Amino acid sequence: MSLSAMPQLSNANLFAALCAGFPADLQSVALETDAGAYYSWQDLLDASAMMANMLESLELPAGARIAVQVEKSVEALMLYLATLRAGLVYLPLNTAYQSAEMAYFIEDAKPAVVVCAGANFGWLSKLAFVAGTAYVFTLNEDRTGSLLERAAQFGRSHTVAHCSANDLAAIIYTSGTTGRSKGAMLSHGNLLSNARVLQKKWGWRSVEQGGDVLIHALPIFHVHGLFVAIHGALLNGSKMIWLAKFDPQAVLRHFAHATVFMGVPTLYVRLLGESGLTRDAVRNMRLFISGSAPLLIETFTDWQARTGHTILERYGMSETIMLTSNPYFPREGVRLGGTVGPALPGVQLRVVGDGDQPLPVGEVGAIQVKGPSVFLGYWNMPEKTAEEFTADGFFKTGDVGRVDAQGYATIVGRSKDLIISGGYNVYPAEIEGYINALPGVAESAVVGVPDPDFGEVGVAVVIAKAGVVLDPASILAQTKAILANFKIPKRCYVVKELPRNAMGKVQKNLLRAQYRTA
Ligand code: MCA
Ligand code: AMP
């Protein structure tokens, strides 16, 4: 069959699917910001088209990366959509990362374009140009910067680039337990298949069914805020109330005009601290979703008692997007506090013991998964990628848990040395690497301890070199000058020695017990 006779292959570009979900009335409001700005669906289409045309004018190679480290804004969302519709690769980076961290990401990912805050242009552009980046644009929350100035010169009509489901759409860095961050490669198919499953699973309502309004209070440089929240609303043609950052009182005010809220457990803990959180305040809401970190059963039951709503907890990863979810519809079962619910349709989840042998129901073991939303692999790390998959194609999550007779999964811990603080991942190995390099430090260990607000925070235990006197406050201050603020241990102790097992390995469990409280 000649090419021309072949049926027009449907375009698997995620953007094509998202905008197909936009409401018929494109002049209606798509986003309402906490600063009182309104953007229509047409604005999203027009602005993302102009930016896509601008990106295409740069004549970048296929698969070029667009690295973005900017404060949350609607224009940053439009840039994400523009990158998708241009068929390029979106690489979001936490705004708290400092130059040492950014140098690593840019060296590793070799982005063709970097978009940064104007305030960081000085140091970041130098670092990017040295690494071979061709273009550095600025984008500020007040809609100033060279990116929008440049895009304003381009037209509003744009043909969405043709992509196959397996084409790369985004790279999400999820730091490695060995300290080196790994770029999780997610395809258009990974993202769209998961968005469609969640649309059904969570009962997103079409405009005809009364529609939905999402309060978006999460950062948009991680999977939860960038994919789970944004794709949920866009695919469903649902308005977003767009908060630049989480503020409990602002969220409380918006509950009256919204129906869906997604958050990490810390957001729920802080909302519970507000006397304004009442049944009446949430009378319009239909769904509260929690994830990214364990939701304490106390938070689950307190929320239920205070608001009458049962939080829906779900479980996912940057490498897999969402994997399991408690039910939304009563006909599918109850929401069990302390569990992350059954595997999503299409996801195979198993708990294994040694040799990847599946364990009997209810037994605790390593969680492994397979499914359409499991990533393509780690950027530039084929060996590391291969290590993370079993011979029969299951991805090793590094999480430890069990599955009950009804299929509900419970995460009981992690085999990976990881602290999840306020929903952000903090890798002890990375912090230890920086602390060990400080003058006078012989060795260090960073462990996670419970925290009422962030769920878990880091504590550093440090050994000084012989004859050196170390000041804990100075160790933290020096680390804070180098690393993202959320990674900095909340407490630091200088001790004579670290507890070790027979093999000489630091016994972090003993340190966690010893430093559990300040
Ligand atoms: C801020 N600080 C933190 C954290 N956030 N410390 C530890 N852990 C944190 N998460 C510190 C800052 O360093 C600063 O300290 C002080 O708190 C105030 O900073 P600020 O930014 O104002 O804090 P905040 O506004 O209170 O932020 C807390 C927050 C934020 C709203 C909970 O951390 C947040 O938005 N977390 C959401 C993360 C997220 O989106 N996770 C999804 C990952 P100092 O003053 O000393 O500098 S995706 C994922 O995990 C998978 C795929 C999944 O399942 O979703
Ligand atoms: P990330 O590396 O940002 O993709 O974070 C993924 C990790 O977050 C998972 O491997 C889990 O350890 C953790 N996680 C995500 N959702 C939950 C949840 N609902 N309960 C417990 N841990 C979770």
Filter the range 314-329 down to the residues that are over 30 Å from A386 (Cα atoms) and in contact with a strand residue (DSSP E or B) (Cβ under 7 Å, 6 or more places away or on another chain) and list them by number. N326, P327, Y328
Condition first: crowded, with 21+ Cβ neighbours inside 10 Å, touching a residue at least 24 places away in the same chain (Cβ under 8 Å), part of a strand (DSSP E or B) and over 21 Å from the mean Cα position of the chain (by Cα). Can you find one or more residues in the range 461-477 that meet it? yes
Look through the range 448-460, keep the residues that are assigned to a loop (DSSP other than H, G, I, E, B) and in contact with a Ser or Thr (Cβ under 8 Å, 6 or more places away or on another chain), and return whichever of them is farthest from ligand 1 (Cβ to nearest atom). D453
Filter the range 401-447 for residues that are in a helix (DSSP H, G or I) and not aromatic (F, W, Y); the one that is farthest from L93 (Cα to Cα) is N436
Residues (within 13 Å of ligand 2 (Cβ to nearest atom) and of a type outside the set (G, A, S)) located in the range 289-300: I289, P294, L295, L296, I297, T299, F300
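Condition first: aliphatic (A, V, I, L, M) and in contact with a strand residue (DSSP E or B) (Cβ under 8 Å, 6 or more places away or on another chain). Now tell me which residues in the range 331-356 satisfy that.
V340, A343, L344, V347, L349, V351, V352
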Any chance G179 is modelled with pLDDT of 95 or more, surrounded by fewer than 18 Cβ atoms within 10 Å (Cβ to Cβ) and either away from ligand 2 (no atom under 16 Å from the Cβ) or not in a strand (DSSP E or B) (or both): no
Pairs please, first residue from the range 106-123 and acidic (D, E), second anywhere and in a strand (DSSP E or B), Cβ atoms under 8 Å, 6+ apart in sequence or on different chains. D108/G183
Show the residue pairs that are 6+ apart or on different chains and have beta-carbon atoms under 6 Å apart, the first residue being within the range 215-241 and under 13 Å from C19 (Cα atoms) and more than 8 Å from ligand 1 (Cβ to nearest atom), the second being of a type in the set (F, W, Y) and not in a helix (DSSP H, G or I). N236/W204; G237/F22
Condition met for R270 (outside any loop (DSSP other than H, G, I, E, B) and more than 23 Å from M78 (Cα to Cα)): yes
Can you tell me which residue is nearest to I289 (Cα to Cα) among those in the range 242-255 that are within 14 Å of ligand 1 (Cβ to nearest atom) and assigned to a helix (DSSP H, G or I)? V251
If A35 passes every condition in (1) assigned to a helix (DSSP H, G or I); (2) farther than 19 Å from S238 by Cβ but one, which one does it miss? (1)
Regarding T159, is this residue polar (S, T, N, Q) and either touching a helix residue (DSSP H, G or I) at 6+ places or on another chain (Cβ under 7 Å) or modelled with pLDDT under 95 (or both)? no
Out of G413, G341, G337, I need the residue that is within 14 Å of ligand 2 (Cβ to nearest atom), surrounded by 21 or more Cβ atoms within 10 Å (Cβ to Cβ) and not aromatic (F, W, Y). Which one? G341
Could you tell me which of the residues G225, G237 is among the small types (G, A, S), within 14 Å of ligand 2 (Cβ to nearest atom) and touching a Pro at 6+ places or on another chain (Cβ under 9 Å)? G225
For the range 380-393, indicate whether the set of residues that are more than 24 Å from H188 (Cα to Cα) and within 13 Å of ligand 1 (Cβ to nearest atom) is non-empty. no
Restricting to the range 182-222, and then to whatever is in a loop (DSSP other than H, G, I, E, B) and within 16 Å of ligand 2 (Cβ to nearest atom), can you tell me which residue is farthest from the chain's Cα centre (by Cα)? W202
Residue, surrounded by the most Cβ atoms within 10 Å (Cβ to Cβ), within the range 23-36, restricted to residues that are closer than 13 Å to S73 by Cα and touching a strand residue (DSSP E or B) at 6+ places or on another chain (Cβ under 8 Å): L31
So which residues in the range 55-80 are among the hydrophobic types (A, V, I, L, M, F, W, C) and out of contact with any strand residue (DSSP E or B) (no Cβ under 9 Å at 6 or more places or on another chain), if there are any at all? A62
Residues of the range 20-67 being of a type in the set (F, W, Y) and over 24 Å from A170 (Cβ atoms), in sequence order, are Y38
Of those in the range 297-324 that are within 16 Å of ligand 1 (Cβ to nearest atom) and hydroxyl-bearing (S, T, Y), the residue nearest to L191 (Cα to Cα) is T320
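The values are calculated or read from the model by the stated rules, or taken from the named source; none is laboratory data. The model shown is predicted, which means the values in this text are computed figures rather than measured ones. Cβ atoms come from the backbone with ideal geometry, glycine included; neighbour counts cover every protein chain shown.
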